[in-house]
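> I am attaching a structure below and will ask some questions about it afterwards.
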Amino acid sequence: MAVNKAKSTQFRKVEVSETGGTSGPWTKIGQTSDVPLSTGSAQFLDATNYDSNTKEYIAGLDDVGDLNIPFQRVVDDEGQNMARDASFERPRPTLFFRMTTGQGEVMTFESEVGGWQVGGAANTVETGQFTVRPRNIVWTAPETP
């Protein structure tokens, strides 16, 4: 019987830095949840012509699009507050982000922060989210012992 190698996403983390780089310093953004890691996708352009025997497609430009980072709001969370403050600065500063999967893969990118939102309802915890548009994405495999 095959061994199931699936890993929990429970240990994902999202970090932010004003300087980036491998040495940081990196600040964890607390109580994040449901953050997809994506390098985007390209549309496929129809390149069919009179010499084509079948439909032909070529990849268009990559578009990472917006990435929403949801969290449970904690007013003294340093990482959340770095993102909040950056969303209100003009001009908006570039921040660096590092996202780590439960299996140790890491995606780093840079972006400005926009779309800061905080909300809640009766009988719920206060939640929030902010929006980034990743660029200069680097995806690295986990370190193996």
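The values are calculated or read from the model by the stated rules, or taken from the named source; none is laboratory data. Everything quoted here is computed from the prediction, not taken from an experiment. Neighbour counts run over all protein chains shown; Cβ positions are idealised from the backbone, glycine included. Accessible surface is based on the protein model in full, side chains and every heavy atom, while ligands, DNA and RNA are left aside. Shrake-Rupley method; radii C 1.70, N 1.55, O 1.52, S 1.80 Å.
> So, with a 1.4 angstrom probe, what is the percent of accessible area on the chain that is carbon and sulfur?
50
> Right, something else. Using a simple charge model, +1 on the beta-carbon of Lys and Arg, -1 on the beta-carbon of Asp and Glu, nothing else, what dipole does the chain show about its Cα centre, in debye to the nearest 20?
360
> Can you tell me the orientation of helix 78-88 relative to the chain, as the angle in degrees between its alpha-carbon axis and the longest Cα principal axis, to the nearest 10?
Roughly 70 degrees, rounded to the nearest 10.
> Say we join alpha carbon atoms closer than 10 Å with springs in a Gaussian network model of the chain; which of Thr48, Thr108, Thr94 then has the biggest fluctuation?
Maximum among the listed residues: Thr48.
> List the longest stretch of the chain that has no exposed loop site; here a site is one of the trypsin sites (Lys or Arg not before Pro) assigned by DSSP to anything other than H, G, I, E or B, with at most 14 other Cβ within 10 Å.
In short, 56-145.
> With a 1.4 Å probe and every protein chain left in place, work out the accessible area per residue of the chain in Å², rounded to a whole number.
68
> So if a site counts as exposed when it's one of the GluC sites (Glu not before Pro), its DSSP state isn't H, G, I, E or B, and it has at most 11 other Cβ atoms within 10 Å, what's the longest stretch of the chain without one?
Within the chain, the longest run free of exposed GluC sites (Glu not before Pro) spans 1-88.
> With each run of n ≥ 4 DSSP H residues scored as -39500 (n - 2.57), what mean residue ellipticity at 222 nm is computed for the chain after dividing by its residue count and rounding to the nearest 500 deg cm²/dmol?
Theoretical 222 nm ellipticity from helices: -2500 deg cm²/dmol.
> Mind putting together the pair-distance distribution for the stretch 11-129? All Cα pairs, 10 Å bins, whole percent per bin, short to long.
12, 36, 27, 13, 9, 4, 0
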